Structures are given as structure tokens and as C-alpha cells.
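S.K.: Attaching a single structure in C-alpha cells format; questions to follow.
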Amino acid sequence: MALNFLTMDLDTVTVHVGKADTSVDITVYRDILSAVSPYFRSAFEGPFVEATDRSISLTDVTEQTFRMFLQWTQTQNNQRPSGATFPKHEILIRRSTAKSADINAMSPTELHPPRNTTLALDEAGDRNLSISNKDLVRLYFKNPEWVEGYRLSLLSFLRLYAFADKYNVPQLRDDVLTAMVSQSMSWNGWPDLEQGVIELAYAMLPSSSKFIRFFVLSTAYVWLSQDGNCSATKLRILRELNEDFAFDVMVVQNQRLQHKRLPDRMPSRFEGAVPNACILHEHLVQDAEHCRKRVRDQPYIFTGLIEMCAQDASTTAKESEEE
Ligand SMILES: [Zn+2]
């Protein structure tokens, strides 16, 4: 799906982003939209009013989400776009003792690169992190400000994924999940039962969506298995959250329990069930083999997404503080 900017048609279109009274007009090369999305391709190249008007309204998309999408399209050109800076691999393992909610404020001097550099960003394996799990829990996972920043970044991933679902950008759907799995691998922590994120995901996406699948697996393998077994209380919480979600989590849980007695049992740890992000991919644009090569060779695509969502989260956190 590489975009060739040399042979590209430089026709532009106007995208009205946001609700009618507050919408923002953004001018975009038509071919950029058409290359990544069959939805935009048919809108601008078919016999529709959008093609004649050379404009389209996306009332259910925020300006921030659309700009993140445009920034992502630049990374699809097989090369880093000139002038754009993408975070290095190390951003994923930034760890700081600062108690700031601002994920981006973490000091680069705190970087601890993984010793095992043969792992792709989204691959499970021993990263030899120099911070202990105990410190990780104390400094981050039990820090309400960090937890809020993390939750906001998941919401940002969700908005981007929902855009890719509604406007049919299959590669972006796979890439968002790679970024989320990479982020989790680097933190050695999987989403807890993020109720707000899960509720919104069901409101915005079909229940069969791979984004929801990520939370189903994470809830079954991590949340449900914490402190021993799944209790009646936990089951009740799940069912109150969403019946479909509770059902899917229980299916995974039952499969794990049944397979335990068989030689080819299901993995007991999340990292075994999701050795890399491909288990969550649709592979509609890149097949599995090319996908693995892409994740390995072009990590900036995914670190770019993580960076954008972290940035979006810290902006949102600041805005809500000022209000
Ligand atoms: Zn894949």
C-alpha cells in the first residue's frame, strides 16, 4: 500500500471535521485518503456528491483524531516523512520516578533500553527491564495520576480505531492494535478492567471488533486471574458492565480451564496467548509474513501512534484540569 508521492495526483479535497457548528476545514490530497480507505476512494471517485463537490463532512470525528490519522498516513510511505520526527524505540520503555500525570514528561535520562534487541516492539519476551515489578506497581500502576493518563491514552486509541472502523482504513485498525500491544509489552502491564473504555468501545464498535477482543483477552487472562480464581463478585461486575463482554470473557476463561488438562493446553499466561499483535490483526492489507517484517523494520509507525495518543491524553488531562 506504499504511497508514491512522485506519481501521486495532487488534487486536493476539503474535509469538514467535527459537528456542523464547530467544524474545522482541513485540505488533504485526495489520493492520500483513497490509498488507505475504500470508503474515501468510492466517495471521491464514484458518482457521488462528494466527488463533484470535492468535499466531505465527518461530523462524528474530532479534529484531533483526524489529524492523528493524517500523521499516520505519512508513515505509510515506506519512509519517514522528511521533517517529521518519530520517537525512538526507547520511548516505549520510558520510566520515571516523577509523579506527573504527563506521560510525555518522563525524563529521557531514565531510559533503560532492553538488552534483548531482537524482539520486535509487539513481541513477548524477556526485556530485562531494570525496574522491578514492585517499583512499577508502586510508581505507576498504583499512582492515580498515571492511571488516569493511561486510561485517557486508551480512549485516544479507541477514537482512532473507531474512525478506522467507520471510514474503513483496515491497515490503521491493525496498526492501532500493534501500538496497544507494544505499549503493554513495554510496560509489562495489560489493561485492567477499564470499564469506561469498554463501555465506549461497545457504543462505537461492533462486538466482533478486534479492539474489543484485546480487552476480552486481557480481562480473562489478567484481571479475572488476579488473586487466584474468578469469584462470583468478579462475574457480577462483568455482567453489570456488559452482557456480551461478560460472555466473551467467560468463553475464553472456560477454554483455558478445559485445555489445562490436555497436553496441547491453552497458554496460561497472556504473553503465551498473544505472542505478538498478529493474533489481533485482520491482515486485509498486509499478510501475516509481511506484517511481521513491517513491525520489525518500521517501528516508528507504532511508536508514532503511541506518542500521538500519549500526547492527546496529556492535552485532555490538562484541559480538564483547567476547567
Ligand atoms: Zn499482523
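S.K.: K318 versus R54, label points 7 Å from Cα toward the beta carbon: distance in nm?
M.R.: 3.6
S.K.: Next question. Just to verify a number: what accessible area does K166 come out at with the full protein assembly present, 1.4 Å probe, Å² rounded to tens?
M.R.: The accessible area of K166 comes to roughly 110 Å².
S.K.: Pop a pseudo-label 7 angstrom from the Cα along the beta-carbon direction at both R296 and L119 and give the gap in nm to one decimal.
M.R.: 1.6
S.K.: Let me ask something else about it. Got a sec? What order do S182, S208 fall in by accessible area at 1.4 Å, biggest, i.e. largest, first?
M.R.: Reading off the accessible areas and sorting them downward yields S208, S182.
S.K.: How would you classify segment 125-249 from its alpha-carbon gyration tensor, with a ≥ b ≥ c the square roots of the eigenvalues: rounded for a/c under 1.5, else prolate if a/b is greater than b/c, otherwise oblate?
M.R.: Note, shape of segment 125-249 comes out oblate.
S.K.: Here's another thing I want to ask about it. Starting from 0.36 nm per residue, how many nanometres of slack lie between L139 and Q226 once their C-alpha separation is accounted for?
M.R.: 29.4 nm
S.K.: What spacing in nm lies between the two simple spin-label points modelled at D244 and N77, each 7 Å away from Cα in the Cβ direction?
M.R.: About 3.9 nm, to one decimal.
S.K.: At 1.4 Å probe size, put H290, H16 in order of accessible surface, largest to smallest.
M.R.: From most exposed to least exposed: H290, H16.
The values are calculated or read from the model by the stated rules, or taken from the named source; none is laboratory data. As the structure is a prediction and not an experimental result, all values here were calculated from the model. Cβ atoms come from the backbone with ideal geometry, glycine included; neighbour counts cover every protein chain shown. Calculation scope for accessible area: heavy atoms of the full protein, side chains included, ligands and nucleic acids excluded. Shrake-Rupley method; radii C 1.70, N 1.55, O 1.52, S 1.80 Å.
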